[in-house]
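The values are calculated or read from the model by the stated rules, or taken from the named source; none is laboratory data. Every value quoted in this text rests on a predicted model; they were computed, and no experiment measured them. Virtual Cβ from ideal backbone geometry, glycine too; neighbours counted across all protein chains shown. In case anyone asks, the SASA skips ligands and DNA or RNA and just uses the protein heavy atoms, side chains included. Shrake-Rupley method; radii C 1.70, N 1.55, O 1.52, S 1.80 Å.
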Amino acid sequence: MTDLMNSKKPQWWKSPDVKKTAILWVICTAIVGYVGTEFHVRSIVEPASETMTGVIDLMRIFTWAASPVAGLVFAICLTVLTSKRHYGDNPPAEADHQISNSPRANAVWIVVSALLCLFALITGLIVLQKDSEAVLESTAIQMNVTGSQWVWSFDYPNGARSEDLYLPVDKPVVFHITSVDVKHSFWIVQMGIKMDANPGAITEAAVTPNKIGVFDIRCAELCGLLHAYMQTKVHVVSQNDYDKWVAEHAALEGRA
Amino acid sequence: MTTLMSKPVSAPGKSVIERLNIVTAVVLGAVSAFVVWRLALQFLPADTEVRLFTREDKITLLSMVAWFIGFMTGIGALVGPFRWVMGKDLSHDENMFLAGKDMGVNRYFRYTTDHKVVGIQYLVITMVIFGIGGILAMLIRTNLGTPEGGWIHPQAYNSIVGTHGIIMIVGTIIMVTGPFGNFIMPIMIGARDMAFPRLNALSFWLIVAAAIPLIWAQFIGGISTGWSAYNPLAGQAPLGMNGYIMFICIFAISTMVAGANITTTIVRMRANGMTWNRTPIFIYGTMASVALALPAFPVFFLSQVMSAMDRALDTSFYNTAGGGSGWLYENLFWIMGHPEVYVILIPAVAALMEMAPVFTRRPLFSFNVAVMGIAGISGLSVLVWAHHMYISGWAPLLNAPFMLTTELISIPTGMLFLVLVGTLWRGRLWMTMPTMSIFALLWNFMIGGITGIYLSDVPADAFLHGSMYVTAHFHYTLMGAGLTGALAALVYWFPKMTGRMFDKKLSWISFWLVQIGFNVAFIGMFTVGLAGQPRRVESYASTFNTGNLITTIGAYTIMVGMLVLLHGVISSWRSGDKAPMNPWQAKTLEWTVPNPIPLENFDVLPTVTSDAYGYGKAKS
Ligand SMILES: [Cu+2]
Ligand SMILES: [Cu+2]
């Protein structure tokens, strides 16, 4: 990008505004990368699954990968803004060059952005592959999730049924999600998974909770009047507690 | 047709064309709607099965169609075609009357074909739309100022969100190509008017006609589905949904008509010597925008027709019980919805590209790359729609290919950045509100672009989709980039459109208020999205309190900024300094016509011998 300037002069990089931009570029890149990642990492929820940790890592990687580009754009802006500015009703003298193109700058820019794009794609594909394979995990708990206006209900493999979800820690779960009325979206916030609940179809999502605790389930698709209140909790407990809980609740259902 | 024109109609007294205006249109529209409503009420058979709303849906839709036909007839849209069929085409005098030869203020309230009148009409209606959409936004933000929300009923709240969404989308679609694409573009290419002046008037009055069903909808249950009106939710929504459907159908026709007209004008009517290499970049932006709308909006139209049929005629396009699928709606909607993003964005960015050389006094950097960027975005944007459906479960195997096409868009988008920073580099900065808008655009669009990369990534989207993060992201692109460009265009072309300079001080004050308020508001919204707040909720967990409060404060700052801008528009228009012919000493053709601009723009059509970016001194 710095060769935007006329390259008739052999040592274009010695020009003061190029040097200034280069220094600003380094500074801006560092600031964008650091502030960008910190902003995301601090605002985002505490992860409660490997999947969510992956999402946070992706954001970190993408922010740092994008920061040199953003840093360069901001550096050039700062250089331009801190050079001589003209106020007034009439235009300043015209710039002392007529450069209207620089094939080299174009080529460098396009190649770099293509590489960054490829990088983003490959990183995404690797994580996506991992997430998609999780659905095929044969030892997983198979859980049925049903959305209806405006509650979630969960059917456990042993026949138990509940409106807040209980899961054992460190055990893969596959959710089979559907809806009885309109479209909802099943979101376990801290686990980084979300899948729409469609009437007349079953969709799948998988996750392995890796932290004991209580986390949030929210509906992420506008589903009518009380959409905002269509939320519940997921209790991630030890395997023992889980077994005890489902046994109790299966018995409760059996009573009916 | 010329042979038909040789038989002028001698009209004794006032001809019918001279009698029709907005008043006759509204009266005829209202009367037709009322008559059809009474007739439908009387004669439509009652529902045989118990199915919510079906008969009422038919009645509502029929009345709205009647309004539409009555209004368009009353404004005079049918006079031309009717007379042509009768073999008595409009006489020269009548055509000149339609063009607004009298130059009076009444021509703004008639079916006037002069592109400059249409441009001003678009400008005013855009401001009205932003005014209403802004008030709705303030209601939303006020309700979200505290976690319990509460003071707006959820039904009303959902409807406010939906109405805010759809009218802001429409407002931003027309905000550049409407006012400036109609007023400035023909002069910029050295033409006397648009290719099809009557279609031009038609496209504007269709928007006015469309507005009524949307307002009507507010009184019959509202649009409680968000602007995307997903089925089957839209199928069970109250009668107001029919207003949304009619609004979209009429607006889609308007967009298609405008698209055909503007595209033809640009392709066919550029001045002598204005080769594609000498055509200003704003023209490319305008053309890309309206040309993209050409494939997108018929699909939108169709999706809503099917929605209406599901509601009123018991079909099952989207109804799963009858074998339909909500995924079908989602596909149709986003086949329109993603190109539409660029329909909004491209002309706004192109307008700033047009201004960049003027305010840096040097040539536009890499014109060819700019054209390639615009073309690349346009081409790719029709191939990315399903990135809105990653987590819909519709086709998990297609996630990877759609991730590819979506991320590819970053390459042509990057080209637009290159052109802008390349033009700024070593320019002579002339500090005006449009100049600073270029910097603001680079900042906002950078944030919107990078957050867009996270969203394009399937695993990250599984967390972010449907959260406030998405809402913040698209406000950064559509408002931070799009609206910033449109406001700069307003200040830049204001002298040519009104003959007066825009008040400098007010333009600066509003610029800073809007930009600072905007960034405060939507940075705050990013944080609550990351913390897990879903979109379109009227209450939220108290953990999201701080971020929402920040957003609300930011939103109020934007409001103050926009009010300052409105004051600037009104006061400058009424009593601003008289503008010289070429206040910015720019080189495009619109600055070569005097103020006020004569009816047909040019006495002698110009000949173009170079591009419009010949600034800068040659090195000796
Ligand atoms: Cu919901
Ligand atoms: Cu999109």
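Considering region B:580-611 alone, what residues qualify as being over 27 Å from the mean Cα position of the chain (by Cα), closer than 21 Å to B:Leu352 by Cα and either of a type in the set (A, V, I, L, M) or in a strand (DSSP E or B) (or both)?
Once the filter is applied, which keeps residues that are over 27 Å from the mean Cα position of the chain (by Cα), closer than 21 Å to B:Leu352 by Cα and either of a type in the set (A, V, I, L, M) or in a strand (DSSP E or B) (or both), region B:580-611 yields only B:Met581.
Filter region B:249-277 for residues that are aliphatic (A, V, I, L, M) and either part of a helix (DSSP H, G or I) or surrounded by fewer than 23 Cβ atoms within 10 Å (Cβ to Cβ) (or both) and give the result.
Scanning region B:249-277 gives B:Ile250, B:Ala252, B:Ile253, B:Met256, B:Val257, B:Ala258, B:Ala260, B:Ile262, B:Ile266, B:Val267, B:Met269, B:Ala271.
Have a look at B:Leu478, B:Leu487, B:Leu506 and point out the one that is of a type in the set (A, V, I, L, M) and within 16 Å of ligand 2 (Cβ to nearest atom).
Being of a type in the set (A, V, I, L, M) and within 16 Å of ligand 2 (Cβ to nearest atom) holds for just one of B:Leu478, B:Leu487, B:Leu506, which is B:Leu478.
Kindly indicate which of B:Gly393, B:Gly379, B:Gly337, B:Gly373 is farther than 30 Å from A:Asp89 by Cα and within 16 Å of ligand 1 (Cβ to nearest atom).
None of the other options fit; the residue is B:Gly393.
I'm trying to understand the selection: among the residues of region A:211-231, which are buried (at least 17 other Cβ atoms within 10 Å of the Cβ) and more than 15 Å from B:Tyr157 (Cβ to Cβ)?
A:Phe215, A:Asp216, A:Ile217, A:Arg218, A:Cys219, A:Ala220, A:Glu221, A:Gln231
Determine, yes or no, whether B:Thr413 is in the same structural domain as B:Ser507 (by TED's automatic domain parsing) and over 23 Å from the mean Cα position of the chain (by Cα).
No, not satisfied.
Count, please, the residues in region B:382-413 that happen to be facing chain A (nearest Cβ under 7 Å) and in contact (Cβ under 8 Å) with a residue 12 or more places away in the chain.
Residues meeting the conditions: 9.
Kindly list the number of the only condition in (1) open to solvent by 40 Å² or more (accessible area, probe 1.4 Å); (2) within 16 Å of ligand 1 (Cβ to nearest atom); (3) under 16 Å from B:Phe463 (Cβ atoms) that fails for A:Thr208.
(2)
Which of (1) more than 8 Å from chain B (Cβ to nearest Cβ); (2) assigned to a strand (DSSP E or B); (3) more than 27 Å from B:Leu328 (Cα to Cα) does A:Lys211 not meet, given it meets every other one?
The single condition A:Lys211 does not satisfy is (2).
What number of residues in region A:57-98 are more than 9 Å from chain B (Cβ to nearest Cβ) and open to solvent by 20 Å² or more (accessible area, probe 1.4 Å)?
Here the count works out to 7.
If I filter region A:218-256 down to residues being aliphatic (A, V, I, L, M) and within 16 Å of ligand 1 (Cβ to nearest atom), which single residue comes out as farthest from A:Met143 (Cα to Cα)?
Filtering first and then ranking leaves A:Leu225.
Of the residues B:Gly273, B:Gly337, which is more than 14 Å from chain A (Cβ to nearest Cβ), modelled with pLDDT under 95 and over 28 Å from B:Ile248 (Cα atoms)?
Testing whether each residue is more than 14 Å from chain A (Cβ to nearest Cβ), modelled with pLDDT under 95 and over 28 Å from B:Ile248 (Cα atoms) leaves just B:Gly273.
Give the number of residues within region A:176-205 that are more than 16 Å from ligand 1 (Cβ to nearest atom) and in contact with a Phe, Trp or Tyr (Cβ under 6 Å, 6 or more places away or on another chain).
3
Scanning for something facing another protein chain (nearest Cβ under 7 Å), farther than 16 Å from B:Ser539 by Cβ, more than 16 Å from ligand 2 (Cβ to nearest atom) and without any contact (Cβ under 8 Å) to a residue 40 or more places away in the chain, does region A:225-235 turn up at least one residue?
Looking through region A:225-235, none of the residues is facing another protein chain (nearest Cβ under 7 Å), farther than 16 Å from B:Ser539 by Cβ, more than 16 Å from ligand 2 (Cβ to nearest atom) and without any contact (Cβ under 8 Å) to a residue 40 or more places away in the chain.
Take B:Ala460 and decide whether it is facing another protein chain (nearest Cβ under 8 Å) and either touching a residue at least 40 places away in the same chain (Cβ under 8 Å) or more than 30 Å from B:Gly561 (Cα to Cα) (or both).
yes
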